[in-house]
1. Do we find that B:Ile91 is at pLDDT 90 or above and more than 22 Å from A:Leu104 (Cα to Cα) in this structure?
2. Out of curiosity, is A:Ile53 crowded, with 21+ Cβ neighbours inside 10 Å and more than 30 Å from B:Gln94 (Cα to Cα)?
3. Within region B:105-116, track down each residue that is within 17 Å of the chain's Cα centre (by Cα) and either among the acidic types (Asp, Glu) or part of a strand (DSSP E or B) (or both).
4. Select from region B:79-98 the residues that are open to solvent by less than 10 Å² (accessible area, probe 1.4 Å) and in contact with a strand residue (DSSP E or B) (Cβ under 6 Å, 6 or more places away or on another chain) and list them in ascending order.
5. How many residues are in contact (Cβ under 8 Å) with a residue 24 or more places away in the chain and open to solvent by less than 30 Å² (accessible area, probe 1.4 Å) if we restrict to region A:120-133?
6. Of the residues B:Leu19, B:Leu67, B:Leu59, B:Leu42, which is of a type in the set (A, V, I, L, M) and at pLDDT 90 or above?
7. Output the number of residues of region B:174-195 satisfying the condition of being among the hydrophobic types (A, V, I, L, M, F, W, C), surrounded by 14 or more Cβ atoms within 10 Å (Cβ to Cβ) and away from chain A (no Cβ under 14 Å).
Number of protein chains: 2
Amino acid sequence: MDKLLTAIVDDHPIVIEGLKTMLQNEENVQIVGGFGDGESILFYMKSNQVDLILLDVTLPDINGMDLCQMIKKESLSTVILILSNRTERSIIMQTIQNGASGYLLKNSSIDELRNCIAEVAKGNICFSKEVIDIISRPSKNELQGRPRLTRREKQILILIAEGKTSQTIANDLFLSPLTVDTHRKNLIQKFEVKNMAELIKVAYEQFIL
Amino acid sequence: MDKLLTAIVDDHPIVIEGLKTMLQNEENVQIVGGFGDGESILFYMKSNQVDLILLDVTLPDINGMDLCQMIKKESLSTVILILSNRTERSIIMQTIQNGASGYLLKNSSIDELRNCIAEVAKGNICFSKEVIDIISRPSKNELQGRPRLTRREKQILILIAEGKTSQTIANDLFLSPLTVDTHRKNLIQKFEVKNMAELIKVAYEQFIL
DNA sequence: ATAAAAATACCTAAAAATCAGGAGAAAAAA
DNA sequence: TTTTTTCTCCTGATTTTTAGGTATTTTTAT
């Protein structure tokens, strides 16, 4: 098997150097360069093949999620492995949704890194142990502080998210618009939000929608 | 190693039987029962240990995402492996976010199933090849039809999602409220939505928020 | 340098949502 | 069978958003 042509994208030169050192003796990896921002890796990819990208999500110019998409647009076969300090589950999930094949925290061991590189090279999706914990563990504020919605409230919430007005919803459900307004009010109270926009946001964050 | 006490939850008896047959000769798996709905597995778990659940997302009583959470609430150590026909990426991601450790399509081979069971039992997250494709491939309507937002628009979108009014946003950004209104208007046009609630919804669906 | 895109600001009116109360009927739970 | 929750509808005032526009200044890209 040919070595994986591997690029490192991180705005900390130290991290780049560290990774280079850690990976220089790997049999299946060949570092083709370190890049400090999104622009430069995208530019490099226009004229060079890259099989694997070790990518930090926080970059000066482009955010990691967007960069993932751009990289995949440039070359679908390039595999992206995220190396980041960010431990928010939403960030992890979003990078995967945007085309990354794996996610490691920066404090991962060389073994985990090695293992993940092997897995993603095979086409699998791979996370470090710590990341799996984050993904699997329903966070306190997601499970605990999650308001209980009645059937009607849930139903109306969905219709609100579809952009419908109280009037329209009332017609759909054969209710008075005033009733729908009451449910709106109750939803706002239950979720402790200021308006419908914020309501939809937290509903998404808490996976109710 | 002890055998994994494994429950099958699916509303099609044929699927339950098929899985039982497929897995009866596995060394590390012991089927403890088949369940046709969410209630019955939750009830069973109250008095019996279950290590692994093979779960269909579409059930008559409770939807798969919610059931995942309930199962994890009942027993955090129980590992959930989704077996489903649903190929929507959002469903796959949501089950994982809700505590599932893997996702297979029902037409997966016995080898893939065997492999995934082994992986999730080790604490890893595992998908079948087809599922990986779904997750990794940015779908047309997500990449293509995604409106390009300017920096300002994105910034204002975030503040709107926080429940702020035009007035408040204007204060935050040292702008005229009228300017903020213009950006609102442009956002509504770009996303082709009817109001802010729907805007936040599609922004989430397209991973912009 | 010039064209295009983005950001800024304004106007008028109508429509819709939010706030702050209350109150009766139906359904579900204890 | 109570009790509690949910669902329903109401008044009235206020705030905010939405839907048409127009138009100037700054940035950005060619």
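1. Values: at pLDDT 90 or above: no; more than 22 Å from A:Leu104 (Cα to Cα): yes.
Spelling it out, it is not the case that B:Ile91 is at pLDDT 90 or above and more than 22 Å from A:Leu104 (Cα to Cα).
2. Details: crowded, with 21+ Cβ neighbours inside 10 Å: yes; more than 30 Å from B:Gln94 (Cα to Cα): no.
For A:Ile53, the condition - crowded, with 21+ Cβ neighbours inside 10 Å and more than 30 Å from B:Gln94 (Cα to Cα) - is not met.
3. In the first step, residues of region B:105-116 are kept if they are within 17 Å of the chain's Cα centre (by Cα); the result is B:105-106.
B:Leu105, the sole residue that qualifies.
4. Initial filter on region B:79-98 (open to solvent by less than 10 Å² (accessible area, probe 1.4 Å)): B:80-82, B:84, B:92-93, B:95-96, B:98.
Within region B:79-98, B:Ile80, B:Leu81, B:Ile82, B:Ile92, B:Thr95 meet the criteria.
5. So the count comes out to 6.
6. Details: B:Leu67 fails: at pLDDT 90 or above; B:Leu59 fails: at pLDDT 90 or above; B:Leu42 fails: at pLDDT 90 or above.
Exactly one residue qualifies, and that residue is B:Leu19.
7. Step one: list which residues in region B:174-195 are among the hydrophobic types (A, V, I, L, M, F, W, C), which gives B:174-175, B:178, B:180, B:187-188, B:191, B:193.
Retained after the next criterion (residues that are surrounded by 14 or more Cβ atoms within 10 Å (Cβ to Cβ)): B:175, B:180, B:187-188, B:191, B:193.
Still in the list and also away from chain A (no Cβ under 14 Å): B:175.
Result for region B:174-195: 1.
The values are calculated or read from the model by the stated rules, or taken from the named source; none is laboratory data. Keep in mind it's a predicted model, so treat the numbers as computed, not measured. Cβ sites come from the backbone with ideal geometry, for glycine too, and all protein chains shown count toward neighbours. Ligands, DNA and RNA are stripped out before the accessible areas are found, and what is left, the full protein with its side chains, is counted by its heavy atoms. Shrake-Rupley method; radii C 1.70, N 1.55, O 1.52, S 1.80 Å.
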